[in-house]
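Input: a single structure, listed below in structure tokens.
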Amino acid sequence: MDEDDSDTPQTGGSGGCSPSGGLDAETHRALGSTVRRRVLDLVLDDPREWSRGELATELVEWDRTATGASAQPPSRDHLLLVLHHDHLPRLDDAGLLSYDPEDGIVSPEPVDDAVVRAVRQATDHEDDD
């Protein structure tokens, strides 16, 4: 991805949509996980390079805030593992972000506005639960 000095999420791309304008099947599968939706939401909110470790830390904090002090969020080590082996490769395969497994770096990719709306609606709803 080319460098972009803009602070706004990169939208309007074709990533995630079928020719008819709806979400394609691969995008539906990629967005089928709360962890993947939250990762994409973080990257859309702050479109910069993220380390896998930064994402894991943010996800642990998100879970801690969402579940309250009484619930045990997933460990950061567990999240690092599942991000590397499952969630980030799936988001990369769907064209929703770029993931370099060698360096553990995640970079934003342009995604369609329909993907942004779907992610925002889902994560807003998850925060309300």
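FYI, it's all coordinate maths here, none of it is from the lab. What you are looking at is a predicted structure, and each value in this text was computed from that prediction instead of being measured. All Cβ positions, even for glycine, are placed from backbone atoms using ideal geometry, and neighbour counts span all protein chains on display.
Things worth noting here:
- Each peptide among 97-109, 40-52 gets the average number of other Cβ atoms lying within 10 Å of its residues, and from highest to lowest they stand as 40-52, 97-109.
- This model, with +1 at the C-beta of Lys and Arg and -1 at the C-beta of Asp and Glu, gives the range 20-128 a dipole about its Cα centre of some 300 debye.
- 3J(HN,Hα) along the range 38-46, derived from phi through the Karplus expression 6.51 cos²θ - 1.76 cosθ + 1.60 where θ = phi - 60°, amounts to 5, 4, 5, 4, 4, 5, 5, 5, 9 Hz, with x in place of Gly and Pro.
- Integer Hz, Karplus 6.51/-1.76/1.60 couplings in order for the range 108-113, x for Gly and Pro: x, 10, x, 10, 5, 4
- Backbone amide hydrogens, once placed in the peptide plane, bring Leu23 within less than 5 Å of Ser18, excluding anything fewer than 5 places away on its chain.
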